[in-house]
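Trainee: One structure is given below, represented as structure tokens, and several questions about it will come after.
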Amino acid sequence: MNAIEINSLCKSYKDFELKDITFSLPQGSIIGLVGENGAGKSTTIKLIMDAIERDSGTVTVLGTDNKSPQFKSVKEDIGVVLDEAYYPEVLTAKNVGAVMKNTYKNWNAEQYDALIKLFNLPTDKQFKDFSRGMTMKLAIAVALSHAPKLLILDEATSGLDPMIRDEILDIFNDFTRDETHSILLSSHIVSDLEKICDYIAFIHKGRLLFCEEKDVLLNEYAILKLTKAEFEAVPQRAVKGVKKSDYGVEVLVQKSAGSKAFKAEHTTLEEIILFLAKGDDAK
Amino acid sequence: MEIIISNASDKPIYEQIYTQIKNRIISGELNEGDALPSIRALAKDLRISVITTKRAYDELEHDGFIYTVSAKGCYVAQKNTEIMREGQLRQIEQHMREIMSLAPACRLSDEDIIEMLRIMQQEGNER
């Protein structure tokens with residue numbers, strides 16, 4: 001079963017258009033949404049939660065159409081963290097726990113307390129005095145504490161230091177030990193996504209450039225550093241992105257398109273995405 | 001069981017897992033009937049993708065090194081000498097094909113090649 005299934009999803013605003021987004025997230029896996037600021041990641045997430053009206057297309061979450069009346073009860077099984085988490089200013093972490101206890105049927109107070117402790121969050125500090133990192137950690141603790149089957153996180157790790165980001169990624173990784181648990185997370189910290197995602201969906205200027213298995217991407221693409229003469233010899237169909245300078249040419253190649261003979265350097269997801277985004281802009 | 005994944009390696013991750021488990025089975029470190037870690041547990045422990053881990057296990061199963069009992073897990077299969085022999089035969093054939101492609105350039109006849117093999121065997125026996 002797919003935890004999320006999106007088909008030809010469209011939404012247009014005056015100055016922005018999300019066009020024909022189609023991808024799915026198989027149960028038990030983690031998908032990362034990548035894209036520049038304003039690419040449409042948050043819009044996609046809001047459309048998945050039916051927080052904004054879509055223009056066309058379909059969205060199915062945990063087997064339920066998100067326009068159907070049953071979706072309200074499905075929301076119990078979804079833990080959401082948006083990039084701007086807000087709680088009433090005067091509440092403390094302890095208060096938030098008490099509120100959530102009455103909000104979610106499956107609220108697990110013990111787990112919440114354990115996470116608050118793990119994240120080193122103060123229990124008596126008022127929310128208005130929370131730092132960005134503390135805010136995100138509190139929101140993640142809430143999302144994880146009502147026994148969700150699906151986590152949806154929008155830029156949940158940005159603004160956090162590398163140590164706590166790594167801890168949170170570990171928690172996400174552990175969360176999917178259960179094969180009925182799935183995660184969708186968006187981030188522009190591509191290295192975080194590279195660490196834990198099974199699939200990567202790349203949204204660029206409101207369109208989905210690709211949705212692919214992460215390891216396939218890393219094996220398929222490679223970066224060549226060449227002289228201009230050597231570059232001429234590379235078959236054009238294998239070239240997916242080019243960066244030229246006075247000293248040489250850097251080329252992103254697709255290995256299966258016939259350049260196995262070249263000595264390619266191991267590449268990272270970040271490089272692949274930068275090359276592809278620039279290549280797309282040049283069109 | 002230790003499995004080392006290198007991100008800097010040229011080899012795809014699934015191949016690294018495949019080779020390391022296969023080598024442990026051939027060397028006898030893993031015996032027939034030994035349980036392997038579940039796909040999900042191994043993926044999460046190594047912090048790699050579940051799909052990739054599954055591909056490695058699928059290949060191991062396809063090549064007869066392990067078998068799956070549904071809802072229980074994966075186990076080391078009976079060592080199939082026939083399969084290993086098959087693999088080695090394939091390797092020999094491949095080397096022979098290389099010889100065949102190189103021989104014309106050196107103007108070696110089939111007899112010359114057979115003669116070379118005989119001489120090498122004799123040398124080997126004398127040693």
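Trainee: Stick to the Cα atoms of segment B:81-126, pair each with every other, and give me the Kirkwood hydrodynamic radius in Å at one decimal.
Mentor: About 12.1 Å for segment B:81-126.
Trainee: Kindly identify segment A:148-214 as rounded, prolate or oblate by the Cα gyration tensor criterion: order the square roots of the eigenvalues as a ≥ b ≥ c, call it rounded if a/c is under 1.5, otherwise compare a/b with b/c, prolate if a/b is larger, else oblate.
Mentor: oblate
Trainee: Bin width 10 Å, alpha-carbon pairs only: give the P(r) of segment B:1-72 as whole percents, running from 0 to the bin holding the largest distance.
Mentor: 19, 57, 22, 1
Trainee: Using a 10 Å cut-off on Cβ to Cβ distances, tally the other chain neighbours for every residue of B:47-56 and report the average as a whole number.
Mentor: Across the residues of B:47-56, the mean count of other-chain Cβ atoms within 10 Å is 5.
Trainee: Right, next: Once the dipole of the protein assembly as shown is set up with Lys and Arg at +1 and Asp and Glu at -1 on Cβ about the Cα centre, which of A:Phe71, B:Ile83, A:Ile223 lies farthest towards its positive end?
Mentor: Looking along the dipole axis, the top candidate is A:Phe71.
Trainee: If you don't mind, another one. What order, most packed first, do the peptides A:28-34, A:265-271, B:84-90 have when packing is the mean number of other Cβ atoms within 10 Å of each residue? Provide the component values of the computation, followed by the final result.
Mentor: On the way: A:28-34: 24.6, A:265-271: 16.3, B:84-90: 10.9.
Highest mean packing first, the order is A:28-34, A:265-271, B:84-90.
Trainee: Of all the Cα-Cα pairs you can form in segment A:217-282, what percent are over 20 Å apart? Spell out each step's value before the answer.
Mentor: Values: 380 of 2145 pairs.
Percentage above 20 Å: 18.
Trainee: If you build the convex hull over the alpha carbons only and average its shadow over all orientations, what do you get for chain A? Give it in nm² to one decimal.
Mentor: 17.0
Trainee: Further question: Segment A:204-283 to segment A:27-83: how many Å between their Cα centroids?
Mentor: Distance between centres, Cα-based: 31 Å.
Trainee: Going by a ≥ b ≥ c, the root eigenvalues of the Cα gyration tensor, does segment A:157-263 fall in the rounded group (a/c under 1.5), the prolate group (a/b larger than b/c) or the oblate group?
Mentor: Working: a/c = 2.61, a/b = 2.10, b/c = 1.24.
Judged from the Cα gyration tensor, segment A:157-263 comes out prolate (a/c at least 1.5, a/b above b/c).
Trainee: Oh, and also: On a C-alpha basis, how far is the centre of segment B:47-71 from the centre of segment A:109-172 in Å? Whole number, if you could?
Mentor: That distance is 34 Å.
Trainee: Which percent of the Cα-Cα distances in chain B go past 20 Å?
Mentor: That fraction is 58 percent.
Trainee: Moving on. Sort largest first and round to whole Å: the equivalent ellipsoid semi-axes of segment A:38-121, each the square root of five times a Cα gyration tensor eigenvalue. Write down the numbers at each step before the final one.
Mentor: Details: eigenvalues 162, 55, 25 Å².
For segment A:38-121, the semi-axes come out at 28, 17, 11 Å.
Trainee: I would also like to ask the following. Among residues other than A:Lys41 whose Cβ falls under 15 Å from its Cβ, what is the net charge (Lys/Arg +1, Asp/Glu -1)?
Mentor: Surrounding charge for A:Lys41 is -2.
Trainee: Quick one: dipole size for the protein assembly as shown, taken about the Cα centre, charges +1 on Lys/Arg Cβ and -1 on Asp/Glu Cβ, in debye to the nearest 20.
Mentor: Here the protein assembly as shown has a charge dipole of around 980 debye.
Every read-out reported here was derived from the displayed coordinates using simple, explicitly stated rules and does not represent laboratory data. The model shown is predicted, which means the values in this text are computed figures rather than measured ones. Quick reminder, even Gly has a Cβ in these numbers, built from the backbone with ideal geometry, and neighbours come from all protein chains shown.
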